[in-house]
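One structure below.
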Amino acid sequence: MSTLTAMPRTRRWAALATVALLASVPAAALGQKLAPITVVINQSPWFGGFAKVVEAYEKETGNKVNLDVNPFAGSAEKQRNSVRAKEGQFDLLVMNSTWLAEFYHGGFLVPLNEIDPGFKLDPQVINYDDTAYWDPKTKTNNSKTGVVYGVPINGNIGVLYYRADLYEQAGLKVPTTWDELLANARKLHNPPNVYGMVLRGARSASDISYDWMPYLHSYNGAIFKDEKNGDFTVTLNSPEARKALDMYLALAKTAGPPNPGSYGQAQVIQALVTGKAAHGTPVIAAWSQMDDPTKSAVVGKMNIAVLPRGPGGQHAPTLGHFIGAIPKNIPKDRQVAALAFMKWFQTYDAQLKYAQAGQPPIRKDVYGADFGKKPEFRWMKAMVDSAPYPRMMYRVPEGAQIVGVLELRLNQAMIGERTSTDALNTAAAEIHEIMRKAGYKTGRLPDLK
Amino acid sequence: MTSPARGGLAGDTARWRHYTLAPTLAVYLALTALPIANLLVMSVHDIKWEQGVAQWAFAGAKHFAGLPQDQLFRDGLVNTALFSVCAVSAELVLGFFLALFASRVVRGRLFYRTAFLLPILIPGIVIGAIWKLAYNPDFGVINQLLGLVGLPGKDWLGEKSLALASVVVVDIWHWTPFVFLLLLAGLESLPQDVYEAAKIDGASAWQELRYVTLPMMLPTIAVTAVFRLIVSFKVFDEVYLLTGGGPGTATEVVSFTIYRRFFTEDRIGYGSAISVVVLFLLTLVIVLALAGLRRQRDEA
């Protein structure tokens, strides 16, 4: 005789009712924990905000999230090694837009509907140029033909940081074009106390190429003729690109520090928070440091705006965002746990916490929240203004090689080793060679004279 | 004539020697020969990933043929050679005189030895942070000190003409203690009777150094130089932390090029080809150095 049948009738019903009730309650509410997960992530300016949200998740659900924090380039390498192993070490890959293509093309990621057929991105989640979707047949990011592979983790883009107090003193207007920015930067240039403009002119894993890309795109230039439709003719050495590079160099040389070719993002942020720079264009994630009295000498003095544009062109901030995705080569229970975190992460409440920690939320509705009107959240307006314009830098797995070429040749132009014409012609020839060897439909414009 | 019994014993001994060597040989094969063989195989292949699976395509000598056109590789080799020669020469001179001082000093011997060794105990990442701050053109201590004596500051890591020299200075600061340690051990093991004989003959301090110490220290100096040359040829962390190879290619070194091609750009075959060439060059240095040492010993 079983224990249940041995019970008196009323107690038997009570026991069955309790079991039914327990089965209907979500596991998390009962404190039943999912498998611990390890998130591989990089130490970016926005990491502090992400870590706070992770803490809130752990507190709320009882699930454990380990953060494996690395330098930017180191994170990509760790992710690469993990997805290529027989069993992956990491359960959630926080991938920057610069290495997304490699992971999509390499077939390392699992479509999220394979883990949970009912999963979909919340309609309020910002699209970020379809980069959370992948169509393995056409090998493109396409939300219509592809399926969802990831959840945006951070909507990082470049914005214009400017010293509002200096603007007020000098009676300047917030620039909407690069020419206006150049004029303002020259006006405020007072070296060595304040540099008019600090740029990310250094050669690294991704500094000068990322920094210059909004100039290129907003002058109606591009690396390739029509990348989205498979035409990889290199157009980097176009007259528009040269104008964009000449403007960039003019800002650096006539309103920048003595050696702009050695300034990476960390140096740019340092110059801004120490009050040594009147303008800079680091990513939005750096904002949290501007009003932090333990890090900044310009608390309340800085403001931000959408990046300027070229003559006749559109504003074109470059996407430097991050997508969280789950690798194929981990056990199912860890995939389920990683997806549970991402489902929670895209909720309104989680994103509210993220925004309150000073980081750009990935949901549109959070930008409309009341707290955004407070002065300390004045960065949110620039994000809303920038929303229609962000562009991907590239979408091919050869991107790391292309960035390597751009970082060297643009930096050589910055330090005066090459003219803008020579730098663009050389870079175009090298990128063309990369694409030709990789078997793309490619070509290139005749050299600039 | 060898008796069968003795021959058998000798044969057993020889076999036994081989058997006892086998574990060491196996470890050597697993840890050294196999990775090198793997590197050689990778250097003649293109390796791509599709559907999570590595696709190997034979590339022949294509990667090696492309090396002369690679500006980063060319500049990296030149900079590495410059870096190694300058840094190791300075480290040998400084290390030798510091060792001489530490071996002669009577009071505070332990203090000096500890103080001279300190930089080598500091992790590379901390050294990068210390020197990056010291070299900072706006806040760095070096420019502040220059300012105190009325000299203009410099962008030590940002100016093309200064960047490599600045990295060399960090390497000298970091590695001179190692040279000091080896040379001090060499100095302290020199036979004292030769010095006593020199004193009896009335040799001055300079003559003692020139005709006694230096000739006797030459083998130790040579081994130290070879060792440091090999290690300095592989310099990576100082460049990675201080300059990232820039500005332009002013501080690009060959290890950094390998890192960039192999890891950042994920060009496994091409990165392996550069590694093979560097391995060959380092082997050449070792062979030439060993031949030089042997000739020197034979002449002695």
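Some observations on this one:
- Selection within the range B:240-263 - closer than 17 Å to A:Gln267 by Cβ and not small (Gly, Ala, Ser): B:Tyr240, B:Leu241, B:Leu242, B:Thr243, B:Pro247, B:Thr251
- Single residue of B:Trp175, B:Trp156 found to be closer than 27 Å to B:Arg260 by Cβ and outside any helix (DSSP H, G or I): B:Trp156
- Residues in the range A:113-139 that are among the polar types (S, T, N, Q), surrounded by fewer than 19 Cβ atoms within 10 Å (Cβ to Cβ) and not in a helix (DSSP H, G or I): A:Gln124, A:Asn127, A:Thr138.
- Criterion applied to A:Phe371, A:Phe341, A:Phe322 was being free of Cβ contacts under 8 Å to residues at least 60 places away in the same chain, of a type outside the set (Gly, Ala, Ser) and away from every other protein chain (no Cβ under 14 Å), and the one residue passing it is A:Phe371.
- Qualifying position, being over 26 Å from B:His174 (Cβ atoms), within 11 Å of chain A (Cβ to nearest Cβ) and not in a loop (DSSP other than H, G, I, E, B), among B:Tyr270, B:Tyr211: B:Tyr270
- When the residues of the range B:105-130 are filtered to those that are part of a loop (DSSP other than H, G, I, E, B) and more than 18 Å from B:Pro177 (Cβ to Cβ), the one that is nearest to the other protein chains (Cβ to nearest Cβ) is B:Arg107.
- Enumeration of residues in the range B:86-120 that are exposed (fewer than 14 other Cβ atoms within 10 Å of the Cβ) and either in contact (Cβ under 8 Å) with a residue 24 or more places away in the chain or touching a Leu at 6+ places or on another chain (Cβ under 8 Å) (or both): B:Leu118
- Residues of the range A:194-250 classified as more than 14 Å from every other protein chain (Cβ to nearest Cβ) and assigned to a loop (DSSP other than H, G, I, E, B), total: 12
- Here A:Lys373 fulfils each of the conditions (1) out of contact with any Gly (no Cβ under 8 Å at 6 or more places or on another chain); (2) surrounded by fewer than 21 Cβ atoms within 10 Å (Cβ to Cβ); (3) under 27 Å from B:Phe263 (Cβ atoms); (4) of a type outside the set (Gly, Ala, Ser) apart from (3).
- Among the candidates A:Ser218, A:Ser296, the residue that is in contact with a strand residue (DSSP E or B) (Cβ under 6 Å, 6 or more places away or on another chain) and of a type in the set (Ser, Thr, Tyr) is uniquely A:Ser218.
- Residue list for the range A:405-425, filter: part of a helix (DSSP H, G or I) and more than 9 Å from every other protein chain (Cβ to nearest Cβ): A:Val405, A:Leu406, A:Arg409, A:Leu410, A:Ala413, A:Ser420, A:Thr421, A:Asp422, A:Ala423, A:Leu424, A:Asn425
- Of all residues in the range A:376-404, those satisfying the criterion of being buried (at least 20 other Cβ atoms within 10 Å of the Cβ) and in a helix (DSSP H, G or I) are A:Trp379, A:Met380, A:Ala382, A:Met383, A:Ser386, A:Gly399, A:Ala400, A:Gln401, A:Ile402, A:Val403, A:Gly404.
- Residue in the range B:55-77 that is within 30 Å of A:Ile326 (Cα to Cα), within 14 Å of chain A (Cβ to nearest Cβ), surrounded by 13 or more Cβ atoms within 10 Å (Cβ to Cβ) and at pLDDT below 90 present: no
- In the range B:145-189, residue nearest to the other protein chains (Cβ to nearest Cβ) [restricted to those that are out of contact with any helix residue (DSSP H, G or I) (no Cβ under 9 Å at 6 or more places or on another chain) and surrounded by 13 or more Cβ atoms within 10 Å (Cβ to Cβ)]: B:Leu162
- Test set (1) among the polar types (S, T, N, Q); (2) free of Cβ contacts under 8 Å to residues at least 24 places away in the same chain; (3) within 14 Å of chain A (Cβ to nearest Cβ) - B:Thr257 fails condition number: (2)
- Of all residues in the range B:52-63, those that are closer than 30 Å to A:Ile330 by Cα have Cβ atoms under 6 Å from Cβ atoms of residues that are in a strand (DSSP E or B), 6 or more apart or on another chain, in B:Ala54/B:Ile47; B:Gln55/B:Lys48; B:Trp56/B:His45; B:Trp56/B:Ile47; B:Ala57/B:Asp46.
- Once the range B:30-51 is narrowed to residues that are touching a residue at least 40 places away in the same chain (Cβ under 8 Å) and within 12 Å of chain A (Cβ to nearest Cβ), the residue that is nearest to A:Gly106 (Cα to Cα) is B:Ile47.
Results for (1) surrounded by fewer than 18 Cβ atoms within 10 Å (Cβ to Cβ); (2) in contact with a Gly (Cβ under 8 Å, 6 or more places away or on another chain), shown as yes or no for each residue.
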position: A:Leu182; (1), (2): no, no
position: A:Lys187; (1), (2): yes, yes
position: A:Asn193; (1), (2): yes, no
position: A:Met197; (1), (2): no, yes
position: A:Ile208; (1), (2): no, yes
position: A:Asp211; (1), (2): no, yes
position: A:Asn220; (1), (2): no, yes
position: A:Ile223; (1), (2): no, no
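- The range A:67-85, subset basic (Lys, Arg) and within 10 Å of chain B (Cβ to nearest Cβ), residue farthest from the chain's Cα centre (by Cα): A:Arg84
- Qualifying position, being assigned to a helix (DSSP H, G or I) and in contact (Cβ under 8 Å) with a residue 12 or more places away in the chain, among B:Leu133, B:Leu164, B:Leu145: B:Leu164
- Among the residues of the range B:232-252, the ones that are more than 14 Å from chain A (Cβ to nearest Cβ) and in a loop (DSSP other than H, G, I, E, B) come to 2 in all.
The values are calculated or read from the model by the stated rules, or taken from the named source; none is laboratory data. What you are looking at is a predicted structure, and each value in this text was computed from that prediction instead of being measured. Ideal geometry is used to build each Cβ from the backbone, glycine not excepted, and the neighbour counts take in all protein chains shown.
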